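Step one of this worksheet: look at the structure below.
The values are calculated or read from the model by the stated rules, or taken from the named source; none is laboratory data. Values in this document were obtained by computation on a predicted structure and should not be read as measured data. Ideal geometry is used to build each Cβ from the backbone, glycine not excepted, and the neighbour counts take in all protein chains shown. Please note that ligands, DNA and RNA were not included when accessible areas were found on the heavy atoms of the full protein model with its side chains. Shrake-Rupley method; radii C 1.70, N 1.55, O 1.52, S 1.80 Å.
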Amino acid sequence: IGFTRAHPKTQNLHPTMTEVTKEQFDAIAAVVGDKGTKPKRAASYSERSQIYGLYKRATVGKLLAPFDDDDVDTDKRPASRPGMLMVESRAKYDAWQACQNMTKQEAMSGYVKLAENTVGQPVTDILQA
């Protein structure tokens with residue numbers, strides 16, 4: 001099984017990972033977002049972008065219509081892709097759009113795997129609890 005509907009940039013994420021619970025995902029997202037957490041290695045720019053896109057897909061939903069029933073704040077999505085001089089906003093938009101065809105479960109699993117690869121033991125501890 002793979003991320004058959006995923007954007008090519010996200011296909012290298014762990015495709016056979018067992019389902020991650022919402023509670024595990026939330027706990028791992030808190031660890032990743034905590035500036036006091038010391039990662040096992042620095043995430044590359046590409047990995048940070050993927051983490052952003054996967055998080056947005058897992059928590060908020062799809063960037064573009066058609067939306068799923070459980071997507072939130074769909075009226076607050078960007079109307080279009082940011083211009084090329086808005087580098088950070090454009091990168092975030094692209095990362096979120098790359099996850100457009102994933103399910104929320106696939107996005108959570110991909111996020112957790114990427115977090116485990118970059119943050120390390122704190123994520124592994126949550127998964128094993």
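Things worth noting here:
- The C-beta contact set for region 113-124 (first residue aromatic (Phe, Trp, Tyr), second residue part of a helix (DSSP H, G or I), distance under 6 angstrom, 6+ apart or interchain) is empty.
- So residue 32, is it out of contact with any Cys (no Cβ under 7 Å at 6 or more places or on another chain), hydrophobic (A, V, I, L, M, F, W, C), within 17 Å of residue 123 (Cβ to Cβ) and open to solvent by 40 Å² or more (accessible area, probe 1.4 Å): yes
- The sole residue among 82, 66 that is more than 15 Å from the chain's Cα centre (by Cα) and surrounded by 11 or more Cβ atoms within 10 Å (Cβ to Cβ) is 82.
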